[in-house]
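The values are calculated or read from the model by the stated rules, or taken from the named source; none is laboratory data. Treat the numbers as computed from the prediction; the structure is a model and nothing was measured. Every residue, glycine among them, receives a Cβ derived from its backbone with ideal geometry; neighbour counts consider all protein chains shown. In case anyone asks, the SASA skips ligands and DNA or RNA and just uses the protein heavy atoms, side chains included. Shrake-Rupley method; radii C 1.70, N 1.55, O 1.52, S 1.80 Å.
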Amino acid sequence: MARYGTEQRGRPNSPDYRLYFKNADGKYISPFHDIPLFAASKEVLYNMIVEVPRWTNAKMEIATEEPLNPIKQDIKKGKLRYVANIFPHKGYIWNYGALPQTWEDPNHRDTITGCCGDNDPIDVCEIGSKVRSSGEIVQVKVLGVLALVDEGETDWKIIAISVDDPEAHKIHDIDDVKKHKPGYLEATVDWFRLYKVPDDKPENHFAFNGEFKDKDFAVEIIKSTHEHWKALLHKKADGGTINCTNVLLSGSPFCCSEEDARSIVQSAPVHVNGDSISPEVDFWYFCPK
């Protein structure tokens, strides 16, 4: 397994915080573009980039519009964004992240949901027992998918489990999740339905009435978003403000040198001690069922 490292820049819990990625050779890379979608393995496994550890609230995400796509905290209306705790949950209820080398094309209308993509890599909910850390690269087995329709955009949520999880050997498809982790899928639908309500937004909706689709269906969705990403990296699709700078994809017009990548990271603010998080983040909301 390829090993990846990270480097912090800026001040944690502030708008200038960034988490940059390095590969095993110490080269600065883009997690979005340079980390392969498929993990090297006899079994079909995928590399997942962990953005948000389970039970935390800060909405950390790959900065798709910045060179080398570091992880940063989302900002809405000038404020750092935290997801609310909606009873009985605390923060995110899985390790949450994305699959590299995938892209939900906002100009492509999905024939299944009738909506266009959300302009991001495809999201992953990793349901293993271990709490991961932001920036960790985890090899996962794909189990199924939920089709969230978020403000009119298709926002697929892949359900996966880390291959090194103690229960991974007996969980192979979405029905196995129902059997071995009862209530988790229902809680997942509930979480995505309600998580924007404390921000005075309406409840989210789902395609297929919130039914999870199986592993084979999920794999086809991943394949299509991987093809959209390939088109993006070779200027065959309009990426708009997406930043495609990469270091390892020599056939891409966006490939840059190691020196250029190093200067991108070094131009970011140096790492210093972070601010404390507001106690408001621990507030608990109750939503009608």
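Things to note:
- Portion, in percent, of the accessible area of the chain that falls on carbon or sulfur, probe 1.4 Å: 51
- For the stretch 181-289, the pair-distance distribution built from all alpha carbon pairs, in bins 5 Å wide starting at 0, is 2, 8, 10, 11, 11, 12, 14, 16, 13, 3, 1 percent.
- Ranked by the mean number of other Cβ atoms within 10 Å of their residues, highest first, the peptides 213-222, 258-267 fall in the order 213-222, 258-267.
- Here the Kirkwood formula, the inverse mean of 1/r across different C-alpha pairs, assigns the stretch 118-191 a hydrodynamic radius of 13.2 Å.
- Compared with the rule-of-thumb size 2.2 N^0.38 Å for a compact globular protein, the chain has a Cα radius of gyration ratio of 0.97.
- Net charge of the neighbourhood of GLY97, taken over other residues with C-beta under 10 Å away and scored Lys/Arg +1, Asp/Glu -1, is -4.
- Cα Rg, Dmax, the stretch 81-146, angstrom units: 14.2, 37
- Length-normalised contact order for the stretch 17-67 - Cα pairs under 8 Å, 6+ apart - percent: 21
- Between GLU203 and ASN107, the FRET efficiency from the beta-carbon distance, with R0 = 30 Å, is close to 0.65.
- Using heavy atoms of the protein chains and a probe of 1.4 Å, the accessible area assigned to VAL272 is about 70 Å².
- Subtracting the Cα-Cα distance of ASN23 and ASP260 from 0.36 nm times their residue separation leaves 83.8 nm of extension gain.
- Every pair of different Cα atoms in the stretch 12-63 enters the Kirkwood calculation, which places the hydrodynamic radius at 13.2 Å.
- Taking Lys and Arg as +1 and Asp and Glu as -1, the other residues whose beta-carbon sits under 12 Å from that of ALA231 total 0.
- Cβ crowding within 10 Å averaged over residues, with 275-282, 122-129, 186-193 ranked highest first: 122-129, 186-193, 275-282
- The alpha-carbon atoms of the stretch 1-159 define a convex hull whose volume equals 132 cubic angstrom per residue.
- Heavy atoms of SER224: accessible area, 1.4 Å probe, square angstrom to 10: 50
- A Förster radius of 45 Å, combined with the Cβ-Cβ distance separating SER250 from TRP55, puts the computed FRET efficiency at roughly 0.65.
- Spin-label zone in the stretch 137-163 - amide nitrogen under 15 Å from a point set 7 Å from the Cα of HIS180 along the C-beta vector: 140-144, 159-163
- Solvent exposure ordering (accessible area, 1.4 Å, most first) of PHE206, PHE254: PHE254, PHE206
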